[in-house]
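Down below is the structure, laid out as C-alpha cells.
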Amino acid sequence: MVADDLISRARSGDDDAFRELTEPHRRELQAHCYRMLGTLQDAEDAVQDTLLAAWQGLAGFEGRSSLRTWLYKIATNRCLNALRTASRRPAKEWNIPGIEPPQPTRLAEAVWLEPYPDALLAEVAGTALPPGPEARYEQAESISLAFVAALQVLPPRQLAVLILRDVLGFHASEVASMLDATVESVNSALKRARAGMQRRQPAAGVPEPPPAPGSPAEDAMVARFTSAYESADLDALVALLTDDAFMSMPPMPLEYVGRDLVADFCGRLFAAGRGIDLVPTRANGQPAFGAYLRVPSGPRPATGLITITLAGDRICATSRFEGSVLPWFGLPLSLPSR
C-alpha cells in the first residue's frame, strides 16, 4: 500500500516520492550497469538515463512485475543501447617516458575497464535484494576484475542474459520479458555465454581462495607488497607472485602472463628510479593502492591505481589503472610534499 501511494504521488509529479521509490535500488543498478559496461563512469551515466526514463515512463508502469524488475529492464536496455551504438574506443599508447616495456604475452581484447570501489559495494550489499535462486555466482566473484573483464568480451545480448540469470538470479521468463525475447532465445544465449566464460577460465584451474578481507593474513600480504613496491625490492616482490601471475594495465592493452615476465616489467620500472608511495584502498573486493610519484620537491602526483588479486599467500594478478579513477576512491590526485 505504501508503494502504491508513492507511485501515485510520483505519477502526479512528486519528485520526493519518486526518489523514495527508486533510491533503494540506485546502487545495485549502478553495479549492474558496471558489470555490463566495464567502467564506473559509463555505469553512472546509464543509471542517470535509467532514472530519467523511469520518471518519464512511470505512467506506463502497470505493476505486472515489481518496480525493481521494471528498473532492471530499463537499465539493461540502456546498457545494450550504449554497447551497440558506442564507437570502439582505441587503446592507449604506452606513456611512461624513459621506460621501454617488455614484449607482452598478448594484447587485451577489451581494454576499457575501470575498478569499482569497495565502499560502493558495501552500499550495494546494504540495499540490494539477495540474488534469486537461479544465481550461479557469489557476489564477490561477480564483481571481481577478472570476471568483469571476461564479461566485456561477450556479445551484448549474451552479456545481458548471463548477468540477469547467473549473477542476479532472475528467471528465464523474467529475462525474456525484459529483453522482449522468447524463453528459448534467452536459454540459448545463456548457454553460449556460459561457454564463452568457460573458455576464459585459467588453464591452471581454480586458484587458491584469497584470505578474508581485513583478516591478519590479508593485512600481512598488503604490508609485504607495500614494502617491496615502495622500496623497489624486486626480489621481495617476485617472491610474492604465483608462477602464472598475470599483469594488465587498462586502458593500455599490454598483458603479461607468468612470474618471469611480470618480474621483467617491474624490474624495468624499478631500474628507472621512479620512487612510488602507496596509499591503501580497496577495489572489486580486493586490495588496491593509490600510487604517487616521489619528486624532489612539491606535491607528489598520482600515477595510477594498482590492484592485487590474492590466491592463498601469493599474488596471482595485478592491474594498474589511470590516476583519473582515484577520486571515486576518495583519494587525491596528488599528495603533499614529504
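The values are calculated or read from the model by the stated rules, or taken from the named source; none is laboratory data. Note that the structure is a prediction, hence the values are computed from the model and not measured. Heads up, the Cβs are rebuilt from the backbone with ideal geometry, glycines too, and the neighbour counts pull from every protein chain shown.
Please work out which residue is nearest to GLU322 (Cα to Cα), limiting yourself to the range 127-145 and to residues that are small (Gly, Ala, Ser) and touching a helix residue (DSSP H, G or I) at 6+ places or on another chain (Cβ under 8 Å). Before the answer, list the steps.
Kept after step one, since they are small (Gly, Ala, Ser), are these residues of the range 127-145: 128, 132, 135, 140, 142, 144.
Retained after the next criterion (residues that are touching a helix residue (DSSP H, G or I) at 6+ places or on another chain (Cβ under 8 Å)): 128, 135, 142.
On the way: ALA128: 29, ALA135: 33, SER142: 23 Å.
Among residues in the range 127-145 that are small (Gly, Ala, Ser) and touching a helix residue (DSSP H, G or I) at 6+ places or on another chain (Cβ under 8 Å), the one nearest to GLU322 (Cα to Cα) is SER142.
Specify the residue that is surrounded by the most Cβ atoms within 10 Å (Cβ to Cβ); the eligible residues are those in the range 1-21 that are of a type in the set (Gly, Ala, Ser) and assigned to a helix (DSSP H, G or I). Quick ask: steps written out before the conclusion?
Start the filter on the range 1-21 by keeping residues that are of a type in the set (Gly, Ala, Ser), which leaves 3, 8, 10, 12-13, 17.
If we keep only those that are assigned to a helix (DSSP H, G or I) as well, we get 3, 8, 10, 17.
Values: ALA3: 12, SER8: 11, ALA10: 22, ALA17: 18.
Applying the filter and picking the extreme gives ALA10.
Any chance the range 221-238 includes a residue that's closer than 28 Å to SER142 by Cα, over 20 Å from the mean Cα position of the chain (by Cα) and either of a type in the set (Phe, Trp, Tyr) or not assigned by TED's automatic domain parsing to the domain that holds SER324 (or both)?
yes
Does GLY273 meet the test of being of a type outside the set (Phe, Trp, Tyr), at pLDDT below 95, on the phi > 0 side of the Ramachandran plot and in the same structural domain as GLY304 (by TED's automatic domain parsing)?
Numbers: of a type outside the set (Phe, Trp, Tyr): yes; at pLDDT below 95: yes; on the phi > 0 side of the Ramachandran plot: yes; in the same structural domain as GLY304 (by TED's automatic domain parsing): yes.
Answer is yes for this residue.
All but one of (1) free of Cβ contacts under 8 Å to residues at least 24 places away in the same chain; (2) in contact with a Pro (Cβ under 8 Å, 6 or more places away or on another chain) hold for SER324; which doesn't?
Just one mismatch for SER324, condition (2).
List the residue pairs whose Cβ atoms are under 9 Å apart, where the first residue sits in the range 111-126 and is closer than 15 Å to PRO251 by Cα, the second is assigned to a loop (DSSP other than H, G, I, E, B) and modelled with pLDDT under 90, and the two are 6 or more positions apart or on different chains.
VAL111/ARG89; VAL111/PRO90; VAL111/ALA91; TRP112/ARG88; TRP112/ARG89; TRP112/ALA91
When the range 286-296 is examined, which residues are found to be in contact with a Ser or Thr (Cβ under 6 Å, 6 or more places away or on another chain) and either in a loop (DSSP other than H, G, I, E, B) or surrounded by fewer than 19 Cβ atoms within 10 Å (Cβ to Cβ) (or both)?
Correct list: LEU293 only.
Find the residue count for the range 286-310, including only residues that are at pLDDT 95 or above, farther than 20 Å from TRP94 by Cα and of a type outside the set (D, E, K, R).
Summing the residues that are at pLDDT 95 or above, farther than 20 Å from TRP94 by Cα and of a type outside the set (D, E, K, R) in the range 286-310 gives 8.
Looking only at the range 159-182, count how many residues are under 18 Å from ARG136 (Cβ atoms) and either without any contact (Cβ under 8 Å) to a residue 12 or more places away in the chain or outside the structural domain of SER66 (by TED's automatic domain parsing) (or both).
The number of residues fulfilling the criteria is 1.
Where in the range 52-150 are there helices (runs of 4 or more DSSP H), lying fully within it, with 3 or more residues that are under 17 Å from the mean Cα position of the chain (by Cα) and surrounded by fewer than 18 Cβ atoms within 10 Å (Cβ to Cβ)?
Those helices (runs of 4 or more DSSP H) span 118-127, 139-142.
Only one of these is assigned to a loop (DSSP other than H, G, I, E, B), over 18 Å from SER227 (Cβ atoms), in contact (Cβ under 8 Å) with a residue 24 or more places away in the chain and not acidic (Asp, Glu): LEU254, LEU331, LEU305. Name it.
Among LEU254, LEU331, LEU305, only LEU331 is assigned to a loop (DSSP other than H, G, I, E, B), over 18 Å from SER227 (Cβ atoms), in contact (Cβ under 8 Å) with a residue 24 or more places away in the chain and not acidic (Asp, Glu).
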